[in-house]
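See structure below.
The values are calculated or read from the model by the stated rules, or taken from the named source; none is laboratory data. Keep in mind the model is a prediction, meaning the values are calculated, not measured. Neighbour counts run over all protein chains shown; Cβ positions are idealised from the backbone, glycine included. Calculation scope for accessible area: heavy atoms of the full protein, side chains included, ligands and nucleic acids excluded. Shrake-Rupley method; radii C 1.70, N 1.55, O 1.52, S 1.80 Å.
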Amino acid sequence: MDEQENIMCTMFADDILIMSSGTVSYKFTESLVTPIKVVESWANKYKLKINPTKSKFIMFPYKKDITHVPRLKMNDIVIKQSRTLKYLGLLFDERLTWRPHLEGVREKVNYLQNKLYRFSRATWGVKPQVLKEIYKVAIEKYILYGVEIWFNKTVKISQKLIQIQRVALVQIAKTYKTVSSEALQVLTGLVPLDLVADKEVTKFNLFNRGIPINIKDKEYSFQDFDLVNKLGLLPWEKGGISWSMDSDPNGRFKKIFTDGSKLNGRVGSGVVCLSEDRDIIWKLEIRLNDEASVFIAEAVAIQMAVEKVGPTKEKIVIFSDSKSVLMALESNKNHSEVIMKLRKILLVNPQIKLNWVRAHIGIYGNELVDLSAKNATTKEEVDIKVKIPKSWIKNQLKLTMLQEWQARWMSSPNSRFLYGIFPEVNTKRCHGDFLINQILTTHGCFPVHQHRFFGKSPDCECGRDQGTVSHYVYGCQIYREVRQKYFPENFFQLGILELILNTRGKIGLKIIIQDVLTKSLACVVSSS
């Protein structure tokens, strides 16, 4: 089958897929006879049975519509054509719009959220922080399965993802369903799902498809990153390097101190060699490329120290305050390029011993090398360009994602009252209080909101003003005693958020909203 042109067959577990391409559809009837026969023969050889009634085929037309449907058979049974085909969890449609796939995902997410709804209601149940964690580690992962294949930056796909995400956001935030998606994302601290999908696709394209990306007007390709092939390592190259904490950093013997530093976006490594009398024999100050991490800088400092010493029979002790680097050298699970290279050097120099020393406790050699590492960051030219760790690109993509989210929140016409309280997005935020979120979103029991959606009177029952959030919090005479009892004396000078963050102030706000809500519900019952 591999020898046939425009034919490809893949097998995964019990799924067999035959792919064929052609210029005209009627030729598939003849061209696919042999591939299907090959699969039949293979199945018979290993005593496997393929059910033709469960087999389907789908056609992906290019520009023009299909004028002829091929007639395909397996075991003399006609294979049915389908407009959608599910393979490895993805639902393919004829035009590759992915709308059927996302619709199926939406139904599944709704089902899962309904299950969670049993354990979390508006005023009781699982904490919103727990629901947020469940969403991030389970539901979001399920939604984005195969995102590298089906996602594109079209409006329809982005809107569909926001629609699917919205179901979970409403449950986490415990708000009215009329609250905008932008407000829900800000309240829960969850990034818009289309931006998360775009980040994952960008990362996949870089490392798996070799598509370069631009960050801060600089192009990066996958060759720039630290990508060691673990399978290509020999067994003895995976061995660990031992280290200790026994040597005295102030002892009277020759010793080397190493350190790494990152200041003002620049990275540097420092090495200082001291004599028995604590005199500086030599020192190194090396600036690395700005994308390097402090971890890499610490490892490079040890590497430079070993290379500077060279082959020697003299016992050398290298002191480092980076326990993470020493543990990486000892472990056989860390396969970054700089660690692998340093491990090889140390294996052939057993006379060089590594020792951990606590940082910033006044040890003379460690303070000297800390200053050298910081001085290295001030150098104009880069001395050594190391491979960039994958963590750097992940952080940069996350930063770009948050910047896009912030720009979207700033330009959105929705939820401007909430924008005045939370002008900046924050992934650590999670507000899930049913009563307090009615204040933050202005959606809930307030007469102004009820008037906008249901045509009720917008006026407060006190008759002095419209029933807005500000009126109930600061001006309504009905709740004057509540304010006197729970609010700070200077509450007129405080904003909504400051009152929420005040323990007693928050209690007073919840009492006010609960009473307004009760009266609103009583009005609905009486009118019905």
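Key figures
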read-out	value
LYS199, sole failed condition from (1) farther than 19 Å from ASN426 by Cα; (2) under 18 Å from the mean Cα position of the chain (by Cα)	(1)
Breaking point among (1) in contact with a Phe, Trp or Tyr (Cβ under 8 Å, 6 or more places away or on another chain); (2) open to solvent by 20 Å² or more (accessible area, probe 1.4 Å); (3) touching a residue at least 60 places away in the same chain (Cβ under 8 Å); (4) more than 25 Å from ARG99 (Cα to Cα), for VAL186	(2)
Any hit, the range 144-165, residues being within 14 Å of the chain's Cα centre (by Cα), of a type outside the set (A, V, I, L, M) and either within 30 Å of LEU517 (Cα to Cα) or not assigned by the TED database to the domain that holds CYS430 (or both)	no
Residues being part of a helix (DSSP H, G or I), farther than 19 Å from ASN414 by Cα and open to solvent by 40 Å² or more (accessible area, probe 1.4 Å) - total across the range 437-461	1
The range 365-421, residues that are open to solvent by less than 40 Å² (accessible area, probe 1.4 Å), more than 26 Å from ASN289 (Cβ to Cβ) and in a loop (DSSP other than H, G, I, E, B)	SER412, SER415
The listed residue being under 32 Å from the mean Cα position of the chain (by Cα), open to solvent by 20 Å² or more (accessible area, probe 1.4 Å), modelled with pLDDT of 90 or more and within 26 Å of ILE393 (Cβ to Cβ), out of LYS262, LYS333	LYS262
Tabulated pairs, the range 412-429, first closer than 19 Å to GLY495 by Cα, second open to solvent by 30 Å² or more (accessible area, probe 1.4 Å) and polar (S, T, N, Q), C-beta under 6 angstrom, 6+ apart or interchain	PHE417/THR442; VAL425/GLN406
Members of the range 462-473 that are surrounded by fewer than 19 Cβ atoms within 10 Å (Cβ to Cβ) and in a loop (DSSP other than H, G, I, E, B)	CYS462, GLY463, ARG464, ASP465
Test: residue in the range 451-474 that is in contact (Cβ under 8 Å) with a residue 24 or more places away in the chain and of a type in the set (A, V, I, L, M)	yes
Residue in the range 98-133 that is least open to solvent (accessible area, probe 1.4 Å), counting only those that are aliphatic (A, V, I, L, M) and over 16 Å from VAL196 (Cβ atoms)	LEU131
Selection from the range 496-517 of residues that are open to solvent by less than 30 Å² (accessible area, probe 1.4 Å) and not aliphatic (A, V, I, L, M)	GLY505, GLY508
Neighbours by Cβ (under 6 Å, 6+ apart or cross-chain): first from the range 144-171, free of Cβ contacts under 8 Å to residues at least 40 places away in the same chain and in a helix (DSSP H, G or I); second surrounded by 16 or more Cβ atoms within 10 Å (Cβ to Cβ) and not small (Gly, Ala, Ser)	SER158/ASP194; GLN165/LEU193; LEU169/LEU184; LEU169/THR188
Residue that is surrounded by the most Cβ atoms within 10 Å (Cβ to Cβ) [pool: residues in the range 279-315 that are among the polar types (S, T, N, Q) and touching a strand residue (DSSP E or B) at 6+ places or on another chain (Cβ under 8 Å)]	SER293
Of the criteria (1) open to solvent by less than 10 Å² (accessible area, probe 1.4 Å); (2) modelled with pLDDT of 95 or more, which one ARG343 fails	(2)
Pair list, Cβ < 7 Å and 6+ apart or interchain, from the range 33-62 residues that are over 23 Å from PHE92 (Cα atoms) to residues that are in a loop (DSSP other than H, G, I, E, B) and open to solvent by 70 Å² or more (accessible area, probe 1.4 Å)	GLU40/ASN75; ALA43/LYS49
Qualifying residue in the range 81-91 (condition: modelled with pLDDT under 90, open to solvent by less than 70 Å² (accessible area, probe 1.4 Å) and closer than 27 Å to LYS160 by Cβ)	no
Subset of the range 182-198 (residues that are farther than 13 Å from ILE157 by Cα and not in a helix (DSSP H, G or I))	GLY189, LEU190, VAL191
